[in-house]
Amino acid sequence: MSTLQSGLGTSHAKIILIGEHAVVYGYPAIALPLPSVQIQATIRTAKVDQTIHSRYYDGPIQGAIAELSGIRRLIQHLLLHFDAVDQAFDLTIKSQLPAERGMGSSAATAIAIIRCLFDFFKKPLTHQLLLQWANFSEHIIHGNPSGLDAATASAQTPIWFVKAQVPQELKLNVPGFLVIADSGIKGKTGEAVRLVAQHVRDMPNHYRPKLAALGTITTKVKIALAKADIEDLGQLLTAAQTNLQALGVSSNQLDKLCQVALANQALGAKLTGGGQGGCMIAVTKTAAQAQRLSNALQTAGATQTWIQPLSEIHTLKSARGSIK
Ligand code: MEV
């Protein structure tokens with residue numbers, strides 16, 4: 001192991017445009033990568049100990065806080081895979097992503113770490129292998145993930161995703177603006193996924209149609225995107241929010257931010273990601289409307305907002321963020 005020196009891995013945030021939760025039950029989802037919102041993991045050989053340095057925890061891997069237990073288990077399994085369980089290292093995770101906000105922080109962190117360790121051990125990493133490891137980590141964290149977060153965090157383009165199928169690249173050429181707002185409250189993806197599973201188990205006749213409705217809406221969003229029909233897109237996002245509320249995965253703050261969006265010329269609004277906190281998204285026709293909406297959302301309690309021109313979504317280089 002003395003030849004090993006350092007390794008680097010990066011990854012980025014994602015936004016689910018439509019289809020969260022329903023995607024766990026086999027319905028499609030559309031997700032957009034946000035390559036400008038980055039995570040970076042670097043590793044260096046150390047003399048003793050296995051140490052993690054991150055915003056949330058700084059110390060030996062064995063003592064990692066509960067929130068990092070998924071990451072700890074991922075690293076331990078990777079070390080086992082590389083036949084290096086006792087390798088001493090310093091691992092540093094730098095993230096521009098708010099954790100647990102529905103922007104795919106856990107999957108993106110896992111992807112950066114997997115790339116970093118494969119780089120450190122000088123082993124080739126195929127896309128398929130990357131996804132296998134990322135899904136392994138998401139299983140530890142979320143219990144029953146669809147694979148959407150891992151697929152999007154490793155993709156450079158918008159994707160059309162169906163569980164257990166190869167993600168399809170989606171070409172977007174749509175006018176208008178996406179406004180993303182952080183409710184300031186931690187999302188609870190694992191809990192929300194379990195809640196929906198419990199609802200479906202206890203009252204299938206009541207809850208299954210809501211998932212099916214979300215599936216239909218996602219297909220209609222694909223058509224609206226293909227037709228560059230932003231008005232339709234907006235209405236479909238709002239219709240999805242009604243179903244997500246009915247599934248119990250929204251929150252008072254997310255509902256409030258969606259209402260503020262609709263009262264401020266948004267064409268539509270919904271939560272994004274696991275829900276019960278985390279982020280919401282809204283679409284507007286013009287840049288000026290997006291800026292006014294962004295200000296209104298911050299006044300209503302959003303802790304951070306981003307404006308993304310939909311026309312530039314294939315590169316997403318231009319997401320502009322502001323923190324309250
Ligand atoms: C979480 O970002 C998305 C969910 O659909 C869960 C999943 O797809 O695994 C809520």
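Some notes on this structure:
- Label zone at Q165, where the point sits 7 Å out along the Cα-to-Cβ direction: segment 213-239 residues whose backbone N lies under 12 Å: 219
- With each label modelled as a point 7 angstrom along the Cα→C-beta vector, the V85-A228 pair spans 5.9 nm.
- Spherically averaged projected area in nm², based on the convex hull that wraps the Cα atoms of segment 71-153: 5.4
- For segment 1-158, the alpha carbon convex hull comes to 102 Å³ per residue, rounded to a whole number.
- Only Cα pairs under 8 Å and 6+ residues apart enter the sum, and on that basis the relative contact order of segment 1-92 stands at 30 percent.
- Least to most buried among F120, F89 (fewest other Cβ within 10 Å first): F89, F120
- Taking 0.36 nm per residue of separation and subtracting the current Cα-Cα distance, fully stretching the chain between Q96 and K186 would add 30.8 nm.
- Shape summary: the chain maps onto an equivalent ellipsoid whose semi-axes, from the alpha-carbon gyration tensor, are 34, 21, 18 Å in decreasing order.
- Each peptide in 154-160, 50-56 receives the mean, over its residues, of other Cβ atoms within 10 Å, and ordering these scores from highest gives 154-160, 50-56.
- For segment 191-324, dividing the convex hull volume of the Cα atoms by the residue count gives 108 Å³ per residue.
- Segment 210-317: trypsin sites (Lys or Arg not before Pro) in DSSP coil with no more than 11 other Cβ atoms inside 10 Å: K227, K317
- Which listed pairs, of K171/K220; K186/K256; K14/K210; K14/K171; K186/K270, have C-alpha distances above 18 Å, in listed order: K14/K210
- Computed from label points 7 Å out along Cα-Cβ, the spacing between Q156 and A263 is 4.3 nm.
- Degrees, to the nearest 10: 230-247 long Cα axis against longest axis of the chain: 70
- With the simple spin-label model, which puts each label point 7 Å out from Cα in the Cβ direction, the D49 to R201 separation comes to 4.2 nm.
- For the chain, the mean residue ellipticity at 222 nm estimated from helices alone is -13000 deg cm²/dmol, where every DSSP H run of n ≥ 4 contributes -39500 (n - 2.57) and the total is divided by all residues, rounded to the nearest 500.
- When segment 137-202 is reduced to its Cα atoms, the Kirkwood hydrodynamic radius in Å: 14.5
- Normalising the average separation of contacting C-alpha pairs (under 8 angstrom, six or more residues apart) by the number of residues puts the relative contact order of the chain at 22 percent.
- Computed lengthening from A212 to R292, 0.36 nm per intervening residue step minus Cα-Cα distance: 25.3 nm
- Candidates M280, M103, M203: whichever shows maximal mean-square fluctuation once the chain is modelled as a Gaussian network with Cα springs under 10 Å: M203
- Close amide H partners of G268, meaning residues 5 or more places away or on another chain with modelled amide H under 5 Å apart, are V283.
- Nearest 10 degrees, 0 to 90: helix 252-263 Cα axis against the chain principal axis: 50
- Vicinal HN-Hα couplings computed from phi for segment 199-205 (Karplus, 6.51 cos²θ - 1.76 cosθ + 1.60; Hz; Gly/Pro x): 4, 5, 5, 6, 9, x, 5
- Residue-wise HN-Hα coupling along segment 121-137, computed from phi with Karplus coefficients 6.51, -1.76, 1.60 (Hz; x: Gly, Pro): 8, 6, 10, x, 10, 7, 4, 5, 5, 4, 5, 4, 5, 5, 5, 4, 5
Every number in this text was worked out from the coordinates using simple rules, so none of it is lab data. The structure presented is a predicted model; accordingly, all values stated were derived computationally and were not measured. So basically every Cβ, Gly included, is an ideal-geometry build from the backbone, and we count neighbours across all protein chains shown.
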